[in-house]
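See structure below.
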């Protein structure tokens, strides 16, 4: 933990991870897209429209995963006052917001032909929309305060309170009746997706995960340098 | 937070903060989920299943959403050729539905639907919109889904367990 | 090939889902990398100036 306290150390680590993450992303993206669009069968009920699943589901998983990264970083920031942890939350937020928006948009584009509607206020869709607003709120707090220390603290508290939404998203389809179907992959009794569709899904999920690592590390470096700039400028003014 | 006392070490203060923040987090998250349940309750359900419609004795003319499975063998066109007739069931209670309009691509017997409309005096649900649900199964055409029997659908099961009627 | 683009009649939905996702993810990645590079250069420039000023 303390080793990463040092931004220079973190930068070195990031530079070592980045080429590997980019390679994993490129390979799994090419393989995943081929399988998703060409190498996988249509669905027995949904036909070719099922191909939207291969981006909708990874985007939704990553929307929740990124939130847990942001909340975990916020927890470390509040408890151990770790400056890099605060920046990690700030770096993750726009990525999570993008994944969430994509989950909502692709879901809506899938819902229209299959369900017959772009949107319904059911438990799953509403709770994912709340997740999107949590990301926006978190980013707005960072922008809204002049004092970075106060901004970081307030944003971290929002991120932690919002953790309540994650189990609500996951179990919304079990707790309430919804238009959205129940879980197909992470469920008791194993997945209900044929293997010829499950593998492409996992490979696309790997690509999304690697994409997160790459962009997250780039944004971490950005945030570290930005913090350096503001410290140097402050030194110029007061020093 | 109160200013830390000088006598306390940095480690003790950090441990204290860990305990306080963890406890606060668990309490707040628990509270939010409980409040969602308590205040949200029924209104968070998108639709009523046939058993619930019967249980609540929803009056004729009241607008609500009815959801369940399209009973196998129940779907047919009315004599005008434009009105569809089918039965929505949760494997415990059946409600006949009448609908004039476009059905979504996924609409079929044995699959879930969510319809919005009103019950008429004869106990027929006159739907204004029909949305199709799909279940958790994904499989290539011509192969058997892993969790397939119409009435083994999790919702149908939960209705059976709750109502037993 | 035409079949592939037709997507069983769901072309509009499938291709716009893939299209929007591609644009959003590429835009986020490119803007993150660009911003990260420009800030690094600004830090380096500021440092160099400090060194010169002593």
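Give all pairs with beta carbons closer than 9 Å in which a residue from the range A:31-42 that is within 13 Å of chain B (Cβ to nearest Cβ) meets a residue that is crowded, with 19+ Cβ neighbours inside 10 Å and outside any helix (DSSP H, G or I); count only pairs at least 6 apart in sequence or on separate chains.
A:41/A:194; A:41/B:139
Picking from A:163, A:185, A:215, which residue would you name as being more than 14 Å from chain B (Cβ to nearest Cβ) and touching a residue at least 60 places away in the same chain (Cβ under 8 Å)? Spell out how you get there, then give the answer.
Numbers: A:163 fails: more than 14 Å from chain B (Cβ to nearest Cβ); A:185 fails: more than 14 Å from chain B (Cβ to nearest Cβ).
Every option except A:215 fails the conditions.
How about the range B:80-103: which of its residues are buried (at least 18 other Cβ atoms within 10 Å of the Cβ) and out of contact with any strand residue (DSSP E or B) (no Cβ under 8 Å at 6 or more places or on another chain)?
Within the range B:80-103, B:92, B:93 qualify.
Somewhere in the range C:12-26, is a residue more than 9 Å from chain A (Cβ to nearest Cβ), touching a helix residue (DSSP H, G or I) at 6+ places or on another chain (Cβ under 9 Å) and loosely packed, with under 12 Cβ neighbours inside 10 Å?
no
Just to be sure I understand, how many residues within the range A:46-70 are more than 22 Å from residue A:183 (Cα to Cα) and surrounded by fewer than 23 Cβ atoms within 10 Å (Cβ to Cβ)?
First pass over the range A:46-70, keeping only residues more than 22 Å from residue A:183 (Cα to Cα): A:69-70.
From what is left, the residues that are surrounded by fewer than 23 Cβ atoms within 10 Å (Cβ to Cβ) are A:69.
Matching residues across the range A:46-70 total 1.
Go through the range A:40-74 residue by residue and tally those that are outside any helix (DSSP H, G or I) and within 13 Å of the chain's Cα centre (by Cα).
First, pick out the residues of the range A:40-74 that are outside any helix (DSSP H, G or I): A:40-47.
Within this subset, residues satisfying the condition of being within 13 Å of the chain's Cα centre (by Cα) are none.
Within the range A:40-74, residues that are outside any helix (DSSP H, G or I) and within 13 Å of the chain's Cα centre (by Cα) number 0.
When you scan the range B:40-51, do you find a residue that is on the phi > 0 side of the Ramachandran plot, outside any loop (DSSP other than H, G, I, E, B) and under 15 Å from the mean Cα position of the chain (by Cα), even just one?
Just the residues of the range B:40-51 that are on the phi > 0 side of the Ramachandran plot, to begin with: B:41.
If we keep only those that are outside any loop (DSSP other than H, G, I, E, B) as well, we get B:41.
Now drop any that are not under 15 Å from the mean Cα position of the chain (by Cα), which leaves B:41.
Yes: one or more hits.
Considering only the range B:94-111, I want to know if a residue exists there that is in contact with a helix residue (DSSP H, G or I) (Cβ under 7 Å, 6 or more places away or on another chain), closer than 18 Å to residue B:45 by Cβ, at pLDDT 90 or above and more than 8 Å from chain A (Cβ to nearest Cβ). Don't jump to the end; show me each part of the working.
Within the range B:94-111, the subset in contact with a helix residue (DSSP H, G or I) (Cβ under 7 Å, 6 or more places away or on another chain) is B:94-95, B:104-106, B:110.
Checking the rest, the ones that are also closer than 18 Å to residue B:45 by Cβ come to B:95.
The next check asks that each one be at pLDDT 90 or above; those that pass are B:95.
Checking which are more than 8 Å from chain A (Cβ to nearest Cβ) leaves us with B:95.
Checked the range B:94-111: at least one residue is in contact with a helix residue (DSSP H, G or I) (Cβ under 7 Å, 6 or more places away or on another chain), closer than 18 Å to residue B:45 by Cβ, at pLDDT 90 or above and more than 8 Å from chain A (Cβ to nearest Cβ).
The values are calculated or read from the model by the stated rules, or taken from the named source; none is laboratory data. Quantities reported herein were computed from a predicted structural model and do not represent experimental measurements. All Cβ positions, glycine included, derive from the backbone under ideal geometry; neighbour counts span all protein chains shown.
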